[in-house]
Amino acid sequence: MSGFPLLFTAAGPVPTLPATLNAALIALVAAEVPGYTAELPGSLIEDMSSTATGALVTIDQARVDAVNNVAPGTANPYILAQEGAMFGIPQGLPSNASALVTFTGTAGFVIPPGFLVSDGTNQYAIQDGGAIATGGTSSALYAVCTNSNTFAIPVNTVTQIVTSVPSPYNTMTATNLVAGVPAQAAETIESYQSRLLQAFAVTTSGTQAYLKTLLRAVPGVSSRLVSVLQNTGTTFEVIVGGGDPYQVAQAIYAGVSNVGMLAGSATTARNVTVSIYDTPNTYSIVFVSPPSQVTTLAIVWNTTLVDFTAGLTFNQLAIPAAYSYLNSIPVGQPINELVLDQIIQAAVAPVMSAANLTTLTFAFTINGSSVVPSTGTSIIPGDPESYFSASLSAITCVQG
């Protein structure tokens with residue numbers, strides 16, 4: 001609609017008023033035909049311009065609808081269903097029956113999203129996928145019924161494996177150790193719109209942020225012990241502390257675009273290599289298990305207050321604050337004395353104002369060796385593949 005006003009507000013596209021479209025139409029025609037007028041009532045020209053304005057109103061509304069249909073929050077039900085189908089998110093999943101299914105079998109076997117199991121009558125599709133862990137059992141995987149019927153799902157009834165499993169992994173079994181959730185009422189359009197908006201906001205598969213999200217979701221993995229380091233060239237190193245090795249390997253396999261880009265540590269003793277099987281291929285996944293850097297800390301403080309009598313309370317507040325800080329530093333990151341200083345000042349504020357502190361110094365050891373901040377900084381770096389670990393008894397605090 002070249003030459004016609006296209007109106008947008010903070011809320012999105014809005015229809016143009018018919019009078020505005022009519023004026024724009026007459027102006028465009030008059031620019032080509034000098035002296036043109038459509039203001040004579042009852043004339044053929046006026047009738048034609050009014051009819052054309054009606055067409056423009058329809059076209060303009062189509063523009064508004066087309067732009068609105070791009071976003072799940074405003075799309076009509078048909079377009080919404082198409083958008084969901086493109087991303088594998090059909091309407092109705094939250095309202096269909098569901099069960100938590102646990103698999104037993106050979107460690108390292110990958111159960112992909114879409115894997116089908118059955119109770120003999122109804123089929124259920126695994127939603128997020130997983131892997132059989134070291135002990136031969138997977139975590140409970142969320143499975144949703146493929147139909148919207150309403151029925152009870154007793155314990156140990158979802159036991160049939162529908163998706164073909166090749167030999168020698170076909171001895172795998174499945175069951176729901178807890179009762180499933182029966183179907184609810186049909187999902188509303190508003191609920192479906194909300195789910196699509198949330199799904200579109202998820203970090204793109206194959207990115208480092210997506211990989212970290214999957215790793216942190218593995219049971220037992222410590223969030224602060226997850227890191228992805230880029231090496232020289234195209235390879236990168238995945239550092240993960242905690243979690244079952246097979247489940248960690250499955251998360252890495254699901255989160256990277258090419259397992260051939262994975263590289264281990266130059267210190268080979270830190271590497272964990274796990275073979276997982278995703279029909280019909282076996283993949284070797286390598287990641288780094290981060291070592292602990294055993295840390296001690298001696299805090300010395302003093303004050304301008306001559307008659308200060310809450311020294312014991314000061315120590316009791318400062319030590320847990322320092323302990324929490326040291327044991328929360330992400331893997332590969334340094335100790336920052338400036339941050340520690342602020343944390344302790346905030347912790348002791350109930351008994352000591354920062355204005356009354358004259359001394360607050362720190363003395364560290366890492367793995368038994370004394371360390372000091374790098375020249376010109378307040379930062380104490382550690383091993384880029386390791387993390388700091390301190391016990392409460394390894395932290396002392398005295399006035400001096």
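Take the conditions more than 25 Å from GLY242 (Cβ to Cβ) and under 36 Å from the mean Cα position of the chain (by Cα) and apply them to LEU312. Does it pass? The answer is no for LEU312.
Please pick out the residue among VAL286, VAL300, VAL240 that is touching a Pro at 6+ places or on another chain (Cβ under 9 Å) and at pLDDT 95 or above. Break it down stepwise before answering.
Values: VAL286 fails: touching a Pro at 6+ places or on another chain (Cβ under 9 Å); VAL300 fails: touching a Pro at 6+ places or on another chain (Cβ under 9 Å).
Exactly one of VAL286, VAL300, VAL240 is touching a Pro at 6+ places or on another chain (Cβ under 9 Å) and at pLDDT 95 or above, namely VAL240.
Restricting the first member to region 179-203 and to residues that are over 11 Å from ALA97 (Cα atoms) and at pLDDT below 75, and the second to residues that are hydroxyl-bearing (Ser, Thr, Tyr) and in a helix (DSSP H, G or I), the beta-carbon pairs closer than 9 Å and six or more apart or on different chains are VAL202/TYR210; VAL202/THR213; THR203/TYR210; THR203/THR213.
Taken together, the residues in region 322-372 that are of a type in the set (Val, Ile, Thr) and assigned to a helix (DSSP H, G or I) amount to 3. Look at (1) under 14 Å from GLY206 (Cα atoms); (2) under 18 Å from the mean Cα position of the chain (by Cα); (3) at pLDDT 90 or above and you find that LEU262 fails only one, number (2).
Within the group GLY220, GLY243, which residue is crowded, with 21+ Cβ neighbours inside 10 Å, part of a loop (DSSP other than H, G, I, E, B) and not assigned by TED's automatic domain parsing to the domain that holds SER167?
Working: GLY220 fails: crowded, with 21+ Cβ neighbours inside 10 Å.
Residue meeting the stated conditions: GLY243.
Can you say whether SER227 is among the hydroxyl-bearing types (Ser, Thr, Tyr), closer than 30 Å to TYR323 by Cβ and in a strand (DSSP E or B), as far as the supplied structure shows? Yes.
Yes/no per residue for (1) surrounded by fewer than 19 Cβ atoms within 10 Å (Cβ to Cβ); (2) over 27 Å from ALA81 (Cα atoms); (3) among the acidic types (Asp, Glu); (4) without any contact (Cβ under 8 Å) to a residue 40 or more places away in the chain:
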residue	(1), (2), (3), (4)
SER98	no, no, no, no
GLY105	no, yes, no, no
VAL110	no, yes, no, no
GLY120	yes, yes, no, no
THR150	yes, no, no, no
ASN156	yes, yes, no, yes
PRO168	yes, yes, no, no
THR171	yes, yes, no, no
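The values are calculated or read from the model by the stated rules, or taken from the named source; none is laboratory data. Just so it is clear, the model here is predicted, and its values are computed rather than measured. So basically every Cβ, Gly included, is an ideal-geometry build from the backbone, and we count neighbours across all protein chains shown.
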